[in-house]
Every structure is written in structure tokens, then in C-alpha cells.
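Asker: Structure provided below as C-alpha cells; questions to follow.
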Amino acid sequence: MIRIIGIAAVVAAIIIAMATYTVDERERVILFSLGEIKEVDVAPGLHFKFPLVNNVRKYDGRILTLDIPPDRFLTSEAKNLIVDFYAKWRIDDVGQFFVATRGVERNAEDRLSQILRTNMRNEFGRFTMEEVVATERVTIMQAVREQAVATARELGVELVDVRVRRMDLPDEVSESVYERMRAERERIAQDFRARGREEAERIRARADRDRTVILANAEREAQRVRGEGDARAADTYAQAFGEDEEFFSFYRSLIAYRNTMTGTNSLFVIEPDSEFFRYFGNPAGTNRIVE
């Protein structure tokens, strides 16, 4: 008896499990009856169904991300750009979604990806590369989304947003662009160096000119000072000579002796009673030579 009750309880639990289902607030649910849609968007909570007659399909009702592999798009000047973008979407009409895609999310994503690529290609072809990179990115994304909304609605989904992650030049183009950038920077650097050398030459020329002028002025001032000194010395000598001519003559003779009789090989061929030896042998200044 206990065994029968246990078996009955297990069977009842299985029947209850097969006859009930729960719906989460984040889910979109379709109830089928013998393979045909009986109810769509079943409300969240606990529900009952007829086993083997009804079955349930559940789908994620949250916003999903469609990652689209990077692709090349031509701008209006026939330049390639590699664009990495993505889309945000969610199931809006779960019944239409099931009919259009057979209830397979991958089918919806493939269809959306195809439409978005086509729209991106059309929009990029309307602008130059500079416009795409600098100013028109938002405009392009809005246009792509607006053009894809109708197709998304046919699939029973809502296209929430389309965004670009990044845009790059192809490798072969990037290398040539980088080479041009390097060449341009090198040209600018050479221009700065040339200007620096030119300015350095001007500074050196100005410094040399100023040096020449300063030295000339200094030499002129030195000549003037020497001239004034020589004039004062001559005047002093003249005054001293006027005050004591004999002493002045004696002093000059001593200076002459000192300047001429230097070294160890001083040899003079001169008469002993010449004027040069006036004070040499006789301090009185006569020409008599002391024996």
C-alpha cells in the first residue's frame, strides 16, 4: 500500500510538472497547442497547460547585443575604412519573431547583420573620410538605424541602437599614411633646424660685429688715454727739466746706462769723451774721465 501511494505521488508530481510552467519577467513566452500558436506574451507567473497538447517556447526579452565582425566600407573618394560596429536589439513581437525566424535568434541576427552592413555601405559612400572621422559619424549611425527599423519590425524585433566601436585604415593604407606623417614631421623638423641655423648665424654675425665695435672703441679709448698720459708725462718732464735741467739730464743718462748696459756681452765702440759718458766717469757732468 505504501509503495502504491509512493508511485502515485511520483506520477502526480510528474503530471503537475508537465502541466505547469513559470514565466519570468525577463522572458517572452509563446504557448502552442498541437503545434499552433495559442497565446503570445504570456504574463509572468505560474501557468497551467495540457500535457502532450500544449508546449511552451521561451525567449530572452532583454536588450541583446549583436556583434558584427569588422568590415571594409568605401567612402565617397573611394578610400577604404575598416569599421567595427555593433547593434542593440530586443524581441518586440514574439509571435511575429517566431513566424519570421522560426524562433531562432541566430536567424534574426544574420538578417539584421545583413541589413545593417548594406545600410552602412550606402551611408559611408555619401561622405569623405575626413567627414566620417571628424563630424558625420553620429549622422551615419542614425541613418543606418532608421533605415533598418522597418526590416527589424518585420522580424518582430526592435532595433534599439547602432554604434561604432572603432574605425581603422587598412594595414597597407595605414603604413603609407604613417609614412606620409613621418615625412611631414621630418620636413617640419628640418624647417625648424634650418631656421635655428639661420638664427644662430645671425646671432654669431651680430656678436662678431659687436665684438669688433667694442674692441675698436676700446682701442680708441686706450689710444686716447695713452695720448693723455704721454702728454701729461711730457708736460711733467718739461716742468721738471725747467726746474733743474742738470738733474734732469743726469737722470736721463742713468736711464740710458741701465737700458743699454744689460746682459753679459755689452760692447760699445765709442769715444770715451763723448756726450754719452758725460756722467759715467764724472758726476759733475764734465767730459774728464776719472783715471
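The values are calculated or read from the model by the stated rules, or taken from the named source; none is laboratory data. Treat the numbers as computed from the prediction; the structure is a model and nothing was measured. Cβ atoms come from the backbone with ideal geometry, glycine included; neighbour counts cover every protein chain shown.
Asker: Going by what's in this entry, would residue 154 be described as free of Cβ contacts under 8 Å to residues at least 12 places away in the same chain, among the acidic types (Asp, Glu) and surrounded by 10 or more Cβ atoms within 10 Å (Cβ to Cβ)?
Answerer: Values: free of Cβ contacts under 8 Å to residues at least 12 places away in the same chain: no; among the acidic types (Asp, Glu): yes; surrounded by 10 or more Cβ atoms within 10 Å (Cβ to Cβ): yes.
So residue 154 fails the test.
Asker: Could you name every one of the strands (runs of 3 or more DSSP E) located completely within the range 24-136 that has at least 2 residues being within 39 Å of the chain's Cα centre (by Cα)?
Answerer: On the way: elements: 27-33, 36-40, 45-48, 54-60, 64-74, 80-91.
Filter on the range 24-136 gives 64-74, 80-91.
Asker: Would a scan of the range 179-186 turn up a residue that is over 30 Å from residue 130 (Cα atoms) and without any contact (Cβ under 8 Å) to a residue 60 or more places away in the chain?
Answerer: So far as the range 179-186 goes, no, none of its residues is over 30 Å from residue 130 (Cα atoms) and without any contact (Cβ under 8 Å) to a residue 60 or more places away in the chain.
Residues are listed down the side, and each one gets a yes or a no for (1) small (Gly, Ala, Ser); (2) on the phi > 0 side of the Ramachandran plot; (3) in contact with a Leu (Cβ under 7 Å, 6 or more places away or on another chain); (4) modelled with pLDDT of 85 or more:
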| residue | (1), (2), (3), (4) |
| --- | --- |
| 177 | no, no, yes, no |
| 181 | no, no, no, no |
| 193 | no, no, no, yes |
| 202 | no, no, no, yes |
| 208 | no, no, no, yes |
| 216 | yes, no, no, yes |
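To keep it simple, each residue is scored yes or no on (1) surrounded by fewer than 16 Cβ atoms within 10 Å (Cβ to Cβ); (2) assigned to a helix (DSSP H, G or I); (3) not polar (S, T, N, Q).
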site: 142; (1), (2), (3): yes, yes, no
site: 145; (1), (2), (3): no, yes, yes
site: 161; (1), (2), (3): yes, no, yes
site: 167; (1), (2), (3): no, no, yes
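Asker: I'd like to check something: does the range 85-104 contain any residue that is more than 18 Å from residue 143 (Cβ to Cβ), of a type in the set (Phe, Trp, Tyr) and crowded, with 16+ Cβ neighbours inside 10 Å?
Answerer: Here is the first cut: in the range 85-104, the ones more than 18 Å from residue 143 (Cβ to Cβ) are 90-104.
Those still in the list that are of a type in the set (Phe, Trp, Tyr) too: 97-98.
Filter once more, so that each one left must be crowded, with 16+ Cβ neighbours inside 10 Å: 97-98.
Within the range 85-104, one or more residues are more than 18 Å from residue 143 (Cβ to Cβ), of a type in the set (Phe, Trp, Tyr) and crowded, with 16+ Cβ neighbours inside 10 Å.
Asker: If I ask for residues that are among the hydrophobic types (A, V, I, L, M, F, W, C) and touching a residue at least 60 places away in the same chain (Cβ under 8 Å), which ones from the range 94-132 would you list? Can you show your working first?
Answerer: To start, the set of residues in the range 94-132 that are among the hydrophobic types (A, V, I, L, M, F, W, C) comprises 94, 97-100, 104, 108, 112, 115-116, 120, 124, 127, 129, 132.
Residues satisfying the conditions are 94, 97, 98.
Asker: Confirm whether residue 232 is surrounded by 10 or more Cβ atoms within 10 Å (Cβ to Cβ), modelled with pLDDT under 90, within 30 Å of residue 248 (Cβ to Cβ) and not small (Gly, Ala, Ser).
Answerer: Considered against the rule, which asks whether it is surrounded by 10 or more Cβ atoms within 10 Å (Cβ to Cβ), modelled with pLDDT under 90, within 30 Å of residue 248 (Cβ to Cβ) and not small (Gly, Ala, Ser), residue 232 comes out as yes.
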